[in-house]
Amino acid sequence: MYNIVLSLHSYWAYLVLIVLLIAAVSAVIKTIGDKEYENNDFRRSLFTLIVSHIQLLIGLVLYFVSPKFLLWGELGGKVMSNSMARLYLVEHPFINIIAVALITIGYSKHKKKLTSKGKLKTIAIFYSIALLLFLSRIPWSTWM
């Protein structure tokens, strides 16, 4: 089961990053270019919200079925001194939960805005920060 969930989490991450990149870049470009908010912008932001939440759920399942989770018991208080254990057990999950929360907040806030500029600016800010957070905590050495 672990290998299936790990593969799903890894491949779904590509989808999340692509969709988030498209939504964030599109919102930034439209904000800078003073363009109007359209139905496609709403769909992109909603799809990004959905796939990121699915990724979070897959990640939470993976966290608890992973053999790395057993390191908590083995290392005890030394998890923070082991860089790989810290990345997998603390940094990656914590930062990615924050990133998904930012996507959720950005999506919710943009719906309350009345102007196109306000909607696009909100998506651009929150989704871009979330993208940077995701990219900062990907375990690149094992992922690629």
Calculated log₁₀ intensity ratio I(q)/I(0) where the Debye formula runs over C-alpha points of the stretch 81-144, q = 0.12 Å⁻¹: -0.38
Dipole axis of the chain (+1 Lys, Arg; -1 Asp, Glu on Cβ), positive-most option in L114, H9, N39: L114
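So what's the stretch 1-125 giving for Rg/Rh, alpha carbon basis, Kirkwood Rh from the mean inverse pair distance?
1.10
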Neighbour-count ranking [beta-carbon atoms within 10 angstrom, fewest first] of L57, L70, L102, L20: L70, L57, L102, L20
Charge dipole magnitude, Cβ of K and R +1, D and E -1 - the stretch 22-128, Cα centre, debye nearest 20: 380
Contour minus Cα-Cα distance for M80 and L15 (0.36 nm per residue): 20.4 nm
Gain on full stretching of the segment that runs from S141 to S108 - 0.36 nm per residue minus C-alpha separation: 8.4 nm
Pairs of lysines in the chain (C-alpha under 29 Å apart; 8 or more residues apart or interchain): 22
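Any read-out appearing in this document is the output of simple, stated calculations on the displayed coordinates, not a laboratory observation. Source: prediction; values computed, not measured. No Cβ is skipped: glycine too gets one built from the backbone with ideal geometry, and neighbour counts run over all protein chains shown.
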